[in-house]
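Shown next, in structure tokens, is the structure this report addresses.
The values are calculated or read from the model by the stated rules, or taken from the named source; none is laboratory data. Bear in mind the structure is a predicted one, so any value in this text is a computation, not a measurement. Methodologically, a virtual Cβ is constructed for each residue, glycine included, from the backbone with ideal geometry; neighbour enumeration extends over all protein chains shown. When the accessible area is computed, the model is the full protein with side chains, heavy atoms only, and any ligands, DNA or RNA have been set aside. Shrake-Rupley method; radii C 1.70, N 1.55, O 1.52, S 1.80 Å.
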Amino acid sequence: MEMFIEQGESREDCMLKIASKYNRQFQILSQKEIRIGGVMGLFSKPGVQVEFYFPQQRNVSAMSKHGLHYQFAKDGQPGYKLEEEKMKVIAAARKNINEISLSGKESSQQILDALKEIKDKVEQTGLSSGAKKEEHPAFNRVSELLKLNDFSDKYITGMINRLRREFSLEQLDNLDTVQDKLLEWIGESIGIFKEEPVVRKPRIMVLVGPTGVGKTTTISKLAAIYGIGTDEIQAIDVRMITIDAFRICAKDQLEQIGNIMQIPVSCVVNKQELKKELALYSDSTELFLIDTIGKSPKDSSKLGEMKEILDGAGKAAEFHLVISAATKTSDIEDILQQFEPFNYRSVVLSKMDETDRIGNIISALAEKNKCLSYITDGQTVPVDIRRASVVRFLINLEGFKVNRDKIESLFPSGEADQFKWR
């Protein structure tokens, strides 16, 4: 006996595919629910996998008994009752198939026609997989909470599908439990950048990003963290370099801040000057912080020119992408994609004080598998910068009842996210 496998959105869908493809009677051996499509387990859709074989003797009644009953019983979410009208359709469908069997008309085409007729009736009564089903209130509540925080439709669909897979009907009835688990799953989707010990000195950090996101201010804040030091970080020798010679105010701003903090600042305009500057001060500098020209992510030629200059920093340079928290969802996706050639290691989220909704940021970074390193929320140097942490994002979500002690136990940062200045 040779076995075959077919996959589809439903058991009925699989049966129609088999009948149409092979045009002969078949017998179901086993079935199981599966997930179809998606990326890394996210955003897939439910489906059914059927294992079958072709028997010597046809048995339409057996196909009716095992196949159609399973599909209708499993339609919708587990635990929901079928309405009386739907039960009548099921009974009529079984009777139709049995009459074909009893009459001795065992034509595969007749069986296929009968199945198609049943499918039409199913769609008319709202039983088909494409029909709108009554949702459990928990799904509506989850959707409302996530939309309130500007999470993307794709992210919301992924979370609701995960609820369907992992929660029983009884668990869905407890909205507090649903919300707690949703917070945990959101936290799991937030990646945090972990700084690795610097093996090769000096360390070179390069900040790239669109115009107006606050790269120069962020560079200054990082210079303060490492150049002045905090209660957690020992001060080291830092030097700031800007390649933004075309914007005079950027160079002047960096030089003024550098003078206040007594941190040297240099300006270069091409790849050769950058290489020379790094080589000249490598012995006396532990960390170079490089500020870059703000460019539109859609201006690929200008981004290419900037990358050519930054190639002078060598392969050891760390690139970090700065994005404003107030950026629109569609623009965030474009920025993440367009700056990919720089192979950035993390995202620095600036201007957190300019928005109350952060779901768009979480959604976009989760879908691109990008992590966060720092958060800034003001123009004051050296303060208003902190390490990115899962807890920081979760407590800022609107509409959630947040048990801070619980989420801090689930996502310990290991160190305070707010720097304490000396």
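For region 256-265, state whether one or more residues are in contact with a helix residue (DSSP H, G or I) (Cβ under 6 Å, 6 or more places away or on another chain) and part of a loop (DSSP other than H, G, I, E, B). Yes, some residue in region 256-265 is in contact with a helix residue (DSSP H, G or I) (Cβ under 6 Å, 6 or more places away or on another chain) and part of a loop (DSSP other than H, G, I, E, B). For region 217-237, a tally of residues being open to solvent by 10 Å² or more (accessible area, probe 1.4 Å) and in contact (Cβ under 8 Å) with a residue 24 or more places away in the chain returns 9. Here V208, V238 are screened, and the one residue that is more than 33 Å from the chain's Cα centre (by Cα) and farther than 23 Å from S413 by Cα is V238. Within this structure, I293 fails the test of being in contact (Cβ under 8 Å) with a residue 40 or more places away in the chain and more than 30 Å from the chain's Cα centre (by Cα).
Pairing each residue of region 185-212 that is over 14 Å from V347 (Cβ atoms) with any residue that is of a type in the set (A, V, I, L, M) and open to solvent by 50 Å² or more (accessible area, probe 1.4 Å), provided the two are 6+ apart or on different chains, yields C-beta distances under 7 Å for G187/L410; R200/A316; I204/A316.
Given the condition outside any loop (DSSP other than H, G, I, E, B), in contact with a Ser or Thr (Cβ under 7 Å, 6 or more places away or on another chain) and of a type outside the set (K, R), answer yes or no: does some residue in region 166-182 qualify? Yes: region 166-182 contains one or more residues that are outside any loop (DSSP other than H, G, I, E, B), in contact with a Ser or Thr (Cβ under 7 Å, 6 or more places away or on another chain) and of a type outside the set (K, R). Only a single item in (1) among the hydrophobic types (A, V, I, L, M, F, W, C); (2) modelled with pLDDT of 90 or more; (3) crowded, with 17+ Cβ neighbours inside 10 Å is not met by L148, and it is number (3). Going by the conditions given, is E367 surrounded by fewer than 20 Cβ atoms within 10 Å (Cβ to Cβ), part of a helix (DSSP H, G or I) and either of a type in the set (G, A, S) or without any contact (Cβ under 8 Å) to a residue 40 or more places away in the chain (or both)? It is false that E367 is surrounded by fewer than 20 Cβ atoms within 10 Å (Cβ to Cβ), part of a helix (DSSP H, G or I) and either of a type in the set (G, A, S) or without any contact (Cβ under 8 Å) to a residue 40 or more places away in the chain (or both). Residues in region 1-31 that are more than 11 Å from Q49 (Cβ to Cβ), in contact (Cβ under 8 Å) with a residue 12 or more places away in the chain, in a helix (DSSP H, G or I) and in contact with an Asp or Glu (Cβ under 7 Å, 6 or more places away or on another chain): I18 alone. Could you please let me know if K271 is open to solvent by 20 Å² or more (accessible area, probe 1.4 Å), touching a Leu at 6+ places or on another chain (Cβ under 7 Å) and touching a residue at least 40 places away in the same chain (Cβ under 8 Å)? Judged against the criteria, K271 is not a match. Taking the criterion of being under 17 Å from R386 (Cβ atoms), at pLDDT 90 or above and of a type in the set (D, E, K, R), the only residue of region 192-249 that qualifies is K221.
Given the structure, is V269 out of contact with any strand residue (DSSP E or B) (no Cβ under 9 Å at 6 or more places or on another chain) and outside any helix (DSSP H, G or I)? Yes. When the test is whether a residue is open to solvent by 40 Å² or more (accessible area, probe 1.4 Å), of a type outside the set (G, A, S), on the phi < 0 side of the Ramachandran plot and assigned to a helix (DSSP H, G or I), E398 does not pass it.
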